[in-house]
Structure formats: C-alpha cells, structure tokens
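A quick write-up on the structure given underneath.
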Number of protein chains: 2
Amino acid sequence: MKQTFSISDLAREFDITPRTIRHYEAEGLITPARDGQRRIYSGRDRVRLALVLRGKRLGFSLAEAKEIIDLYSAPQGEAFQLRTLLEKLDEKREMLEDKRRDLDAAISNMDKYAARCRDRLGEVRTRREAAE
Amino acid sequence: MKQTFSISDLAREFDITPRTIRHYEAEGLITPARDGQRRIYSGRDRVRLALVLRGKRLGFSLAEAKEIIDLYSAPQGEAFQLRTLLEKLDEKREMLEDKRRDLDAAISNMDKYAARCRDRLGEVRTRREAAE
DNA sequence: ACTTACGTTTACGTTAACGTAAACTTCGAG
DNA sequence: CTCGAAGTTTACGTTAACGTAAACGTAAGT
C-alpha cells in the first residue's frame with residue numbers, strides 16, 4: 001500500500017509541469033524523500049500538492065497556502081499547542097467563509113441577471129410572434 | 001442622486017491606491033468620464049470597481065474578471081445576442097460553482113480536522129485531571 | 001555502445017499586477 | 001500670489017510564480 005510517485009507522475013495527474021512541483025518544493029510547500037538525486041513522493045506529499053493547487057484555485061498565494069496547509073501537519077503535543085492550533089484554524093476558517101460570502105454573492109448576482117435576460121428573451125419572442 | 005467620485009474617494013473607500021485604479025482603467029476594466037484631465041467616476045464605475053475587487057479576492061486575474069464583468073454590460077439587443085449571452089453566463093456560472101465545491105471541501109476538511117483537535121484536547125485534559 | 005526517456009541543478013527570462021518616482025497642471029485656502 | 005493638496009502622464013522598478021534553456025547524470029531498451 002506504500003504508494004510512491006515520480007515527479008512526472010504527479011505532473012501528469014494534476015496537469016502541471018515538473019518545474020512547478022520543484023518550485024513548490026523550493027518554497028517549502030512539499031518535501032519529498034530522495035533516492036540519491038531523484039525525488040520520491042509519498043501519498044502524503046501528493047495530498048499536500050493537491051491542497052496547494054486547491055489553494056491556488058481559491059486565490060491564495062503560495063505563502064498563504066503554506067500557512068494553511070502547515071496547520072495540518074502541526075505538532076499536536078500538549079494543551080497549549082492544541083489551543084493555539086485551534087485558534088489559527090478558526091482564523092483561517094473565517095477567511096474561507098468570507099470567500100464563500102463573496103462567492104455566493106457573485107453567483108446569486110449572476111443568477112438574477114440571467115433571469116432578467118431570459119425575461120427579455122421571452123419578450124423578444126412574443127414580439128416576433130405577434131409580427132407574423 | 002447623480003453621485004460622482006474622485007479617484008481618491010474610491011481609493012479610500014476600497015482601501016487601494018489611485019495607481020491601482022488607473023491600472024484597471026489601462027486594462028479596460030473601468031472607463032470613467034473626464035472633466036478635462038481629471039477622472040470622474042459614476043456610481044456604475046464604482047460598482048464595476050467593486051466587482052473587479054471581488055473577482056480578485058476569488059482568485060480571478062484581471063483579464064478573467066473583465067470577461068465576467070463585461071457580460072453585465074453586454075448589448076441586450078436581439079434574440080441571438082441574448083442567447084449567446086445566456087450561454088456565456090452559464091459557462092461562468094459553472095466556473096463559480098466549481099470554486100464553490102473547492103471551497104466547501106476546504107471548509108469541511110478543516111472542520112473535521114478541528115474536531116479531531118478538540119477531541120485530543122479533551123483527552124489531554126482528562127489525563128491531567130486524573131494525575132491530580 | 002548508442003539512443004531515448006526521465007531525472008537533476010543552475011540560472012536567466014517572462015508575465016501580471018501593481019509600486020515608485022519624476023515632472024507637470026490645477027485649484028481652493030490663506 | 002503663493003502654497004499645498006490632489007490630480008495627470010510617462011516610465012522604469014519590483015515581486016510572485018513559474019517558463020525555458022543549458023549542461024549534465026542514469027537506467028532501460030536495441
């Protein structure tokens with residue numbers, strides 16, 4: 001079950017270039033194991049990569065994505081650590097919810113506009129039929 | 001009711017620099033009226049600016065934002081125009097819904113993780129109390 | 001042994017989205 | 001009339017996120 005991946009495996013799967021993956025490593029977002037020089041990516045590495053790409057799609061910079069993703073591999077040692085981790089998670093969660101509000105507004109905005117367009121289209125048709 | 005705004009009015013309101021607003025104009029995102037040299041922004045200009053900024057927060061490039069926003073001021077002439085407009089709207093809507101799925105996944109992901117953290121915190125507390 | 005495919009590092013190039021600075025105008029307050 | 005605040009254009013600078021190319025190593029197939 002100990003699946004591993006080459007850099008081009010992941011590049012193919014996520015439709016990005018190896019260069020991009022190396023760049024993420026240079027920025028500290030992924031830290032694959034090595035077989036000599038060659039990079040070897042574990043399942044966890046793959047998950048992190050997926051998280052980075054999702055972060056990007058949502059408009060986060062690599063640095064912001066790293067901040068969020070690193071929380072998922074933070075040390076879960078004692079009460080104090082867990083408390084501050086929960087605080088940070090809550091902070092990021094609010095960021096995400098802000099984005100969701102923006103997104104919902106954008107969607108409902110567009111829906112209303114599309115409805116008005118369909119109304120107009122109905123009118124145009126009626127006019128055309130009346131002219132026959 | 002014919003509210004107008006100076007460039008620094010809008011810069012203050014949206015917490016950006018005049019330079020940024022001029023840049024958006026150079027990219028064709030806003031087209032304010034002029035009083036001689038001076039730019040004069042209408043309420044509609046202000047709305048477009050708000051849309052641009054929301055687009056940016058959602059991770060769109062200025063070019064993508066322009067594509068979407070321009071749909072809102074597309075000519076609503078005849079049936080054909082309205083049809084293609086509705087098609088484009090539907091296409092953009094799907095993009096937004098994709099983003100929404102990503103976002104929901106990110107949030108629920110984080111929620112589950114936070115729940116596990118709270119459980120751990122509970123265990124730590126219990127252990128500590130048992131030690132007293 | 002030779003080619004082909006994939007991997008590596010190093011380093012300079014590119015694009016988007018502004019920042020920054022210079023040099024100038026215009027306008028209301030003192 | 002002079003000064004300061006806000007506006008303008010023009011143009012070069014900067015940062016993030018890679019792209020691209022050079023120069024090289026390695027392992028498998030023919």
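Of note:
- Any hit, the range A:88-106, residues being facing another protein chain (nearest Cβ under 9 Å), over 28 Å from residue B:125 (Cβ atoms), open to solvent by less than 50 Å² (accessible area, probe 1.4 Å) and over 17 Å from the mean Cα position of the chain (by Cα): yes
Yes/no per residue for (1) more than 16 Å from DNA strand D (Cβ to nearest atom); (2) modelled with pLDDT under 95; (3) outside the structural domain of residue A:5 (by TED's automatic domain parsing); (4) closer than 30 Å to residue B:84 by Cβ:
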| position | (1), (2), (3), (4) |
| --- | --- |
| A:24 | no, no, no, no |
| A:29 | no, no, no, no |
| A:38 | no, no, no, no |
| A:51 | no, no, no, no |
| A:92 | yes, no, yes, no |
| A:98 | yes, no, yes, no |
| A:102 | yes, no, yes, yes |
| A:114 | yes, no, yes, yes |
| A:124 | yes, yes, yes, yes |
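- Within the range B:44-68, residues that are within 8 Å of chain A (Cβ to nearest Cβ) sit with their Cβ atoms under 7 Å from residues that are outside any helix (DSSP H, G or I), at 6+ positions apart or across chains, in these pairs: B:57/A:59; B:58/A:59; B:59/A:58; B:59/A:59.
- One residue stands out among those in the range B:1-41 that are surrounded by 14 or more Cβ atoms within 10 Å (Cβ to Cβ) and of a type in the set (Gly, Ala, Ser): the one that is farthest from DNA strand C (Cβ to nearest atom), which is B:6.
- Subset of the range B:24-58 [closer than 20 Å to residue A:59 by Cα, in a helix (DSSP H, G or I) and not aromatic (Phe, Trp, Tyr)]: B:48, B:49, B:50, B:51, B:52, B:53, B:54, B:55, B:56, B:57
The values are calculated or read from the model by the stated rules, or taken from the named source; none is laboratory data. Keep in mind that this is a model prediction, so the values were computed, not measured. A quick note on method: Cβ atoms are made from the backbone with ideal geometry, for glycine too, and the neighbour counts reach across all protein chains shown. Heavy atoms of the whole protein, side chains included, go into the accessibility calculation; ligands, DNA and RNA do not. Shrake-Rupley method; radii C 1.70, N 1.55, O 1.52, S 1.80 Å.
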